[in-house]
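To start, the structure itself, in structure tokens.
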Amino acid sequence: MMESAAVNRLVIVGGGTAGWITAAAFARLLGGKLDITLVESEAIGIVGVGEATIPQIIRLNAILGLDENAFLRATSGTFKLGIEFVDWGSIGSRYLHTFGDTGLPLGNVPFHHYWRRSAGAAPDPKGLWNWSLHQLAADQARFGKLDRVGNTAMTGLAYAYHFDASRYALFLRDYAEGRGVKRREGIVESVQRDGETGDIRSITLAGGEAIAGDFFIDCTGFRSLLLGQELGVGYQDWSKWLPCDRALAVPSERLPTLVPYTRATAKSAGWQWRIPLQHRTGNGHVYSSGFISDDAAAETLLAGLDTKALDDPRPIRFTTGRRETFWSHNCAAIGLSSGFLEPLESTSIHLIQSHVSRLIQLFPRSAHADAERAEYNRRCEAEFAQIRDFLILHYHQTAREDSEFWRYCKHMDVPDSLTHKRELFAASGRIGRDVDDLFRDASWVQVMLGQGIIPQDYDPMADQMSDAQLAEFLANLRTIITRSVASLPSHEEYLARHCPAAVLDAAA
């Protein structure tokens, strides 16, 4: 085998959430083998606003050895049981995409098939949530650590977090620097490449300092300074399926009651998020500039706030899609520099986390890494496509035709991979989920039902019990769930007891 230079020096270009998650994870898992430098400039802003996450972040925090309560205190964080979607399937509709299962499966038959059998010829699509532990806890603004429901096999509360993204980045910066990561302040002025291989050899900062490396990670946000601009990796534009291309973000005062869920409310040309933090509320309006003006989008955002705005709306522009490849030469892009999928299902930080984890698993010992690079790109491409389809489902599966935007979304062509899933569920309630799909069967069931797809049939194995047995089973489950939720403290009580945030500037 031809020998090639060892990879000993890792250079991360860009800070923010992506840069410091990357630095913290590499320092924790490969810090003894790599010399790690992160370059960032305080003169370059970050996109970070109030962040909502999904449960996979708990695994990241565990790998890093972070104390949950300390992390939430530092980031003014709250707990999240799911996302409430308002006005998506139709105006007036509402459902909670929870992180947990509904009901209790029997054998190999998921619970929703028993619900569908019991619902008869005219099922109420909201009826499934009558057996949702997460829905009942969210309705009552309760939260607590609950691994199991009573003495049953029913899993307890699966959760994630809401937190201030800028404070999370600072929290991880302290962690990474404490484990040997060197931070350099400065703006990258030029990039030096190997004349034969095309690999990046060093970057030069505006002040003249040159920083050499064996492997580079691009965390420069939408600019994609290394992978996109320097290495010339192209971009796949997915705006024909996900037409929103702008967002306005604004903080507002704290909610009177801290609910344990994100809210996503559909608007005439996009949707509005609401993220409850301990010191303030994160809000934003994601919209398509082809269907609404910036001024009208700002008016929609401010009119939809539940509490008083603390600042002027901040604009963000983007194109939904991804880079043609995620790792080229000796450079991988992580975060917004690799692609962007709008935050409808809170996947932004997960994609950072999963790409970092994947890169660490496949990190090359030497510069000769063609096989590892190909496998990394294959997995990242599949993950982006799976999340893309799940997001498209929210827009396309709708009865709304009250605006030009919603008429476009309802009647647009969608990927065949999504069409198959919709048709299979509509026929028999079965889920055609990919094995490595981020979203579980329960997520596909909840969103498809919530958006208005009612299965025509159910799994025949759900017929094995009598009508009387089924009625007793369903009644007992509801009683157990109700009792379990009643034993939980309120979300605010739990936060005050375990992880109250320090006194913070609400507008920060």
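Of note:
- Any hit, the range 248-268, residues being free of Cβ contacts under 8 Å to residues at least 60 places away in the same chain, over 25 Å from HIS394 (Cα atoms) and in contact with an Asp or Glu (Cβ under 8 Å, 6 or more places away or on another chain): yes
- Wholly within the range 47-97, strands (runs of 3 or more DSSP E) carrying at least 1 residues that are in contact with a helix residue (DSSP H, G or I) (Cβ under 9 Å, 6 or more places away or on another chain) and more than 15 Å from ARG167 (Cα to Cα): 78-80, 82-86
- Some residue of the range 427-434 being modelled with pLDDT under 95, surrounded by fewer than 19 Cβ atoms within 10 Å (Cβ to Cβ) and either under 19 Å from ARG94 (Cβ atoms) or among the small types (Gly, Ala, Ser) (or both): yes
- Within the range 375-388, considering residues that are among the aliphatic types (A, V, I, L, M) and touching a Ser or Thr at 6+ places or on another chain (Cβ under 9 Å), the one least open to solvent (accessible area, probe 1.4 Å): ILE387
- Residue check for SER417: within 30 Å of VAL11 (Cα to Cα) and outside any loop (DSSP other than H, G, I, E, B): no
- In the range 389-412, residue nearest to HIS350 (Cα to Cα) [restricted to those that are open to solvent by 30 Å² or more (accessible area, probe 1.4 Å) and in contact (Cβ under 8 Å) with a residue 40 or more places away in the chain]: GLN397
- Top-ranked residue in the range 132-157 [being in a helix (DSSP H, G or I) and open to solvent by 10 Å² or more (accessible area, probe 1.4 Å); ranked as nearest to GLY100 (Cα to Cα)]: GLN135
- Test: ALA43 is open to solvent by less than 20 Å² (accessible area, probe 1.4 Å) and at pLDDT below 95: no
- Each residue in the range 413-425 was checked for being modelled with pLDDT of 95 or more and either surrounded by 21 or more Cβ atoms within 10 Å (Cβ to Cβ) or touching a helix residue (DSSP H, G or I) at 6+ places or on another chain (Cβ under 8 Å) (or both), and 6 pass.
- Check on ALA206, of a type in the set (A, V, I, L, M), open to solvent by 20 Å² or more (accessible area, probe 1.4 Å) and under 24 Å from ALA24 (Cβ atoms): no
The values are calculated or read from the model by the stated rules, or taken from the named source; none is laboratory data. If you're wondering where the values come from, they're calculated on a predicted model, not measured in any experiment. Backbone-built Cβ (ideal geometry, glycine too); neighbour counts: all protein chains shown. We work out accessible area using only protein heavy atoms, side chains counted, and drop any ligands, DNA or RNA first. Shrake-Rupley method; radii C 1.70, N 1.55, O 1.52, S 1.80 Å.
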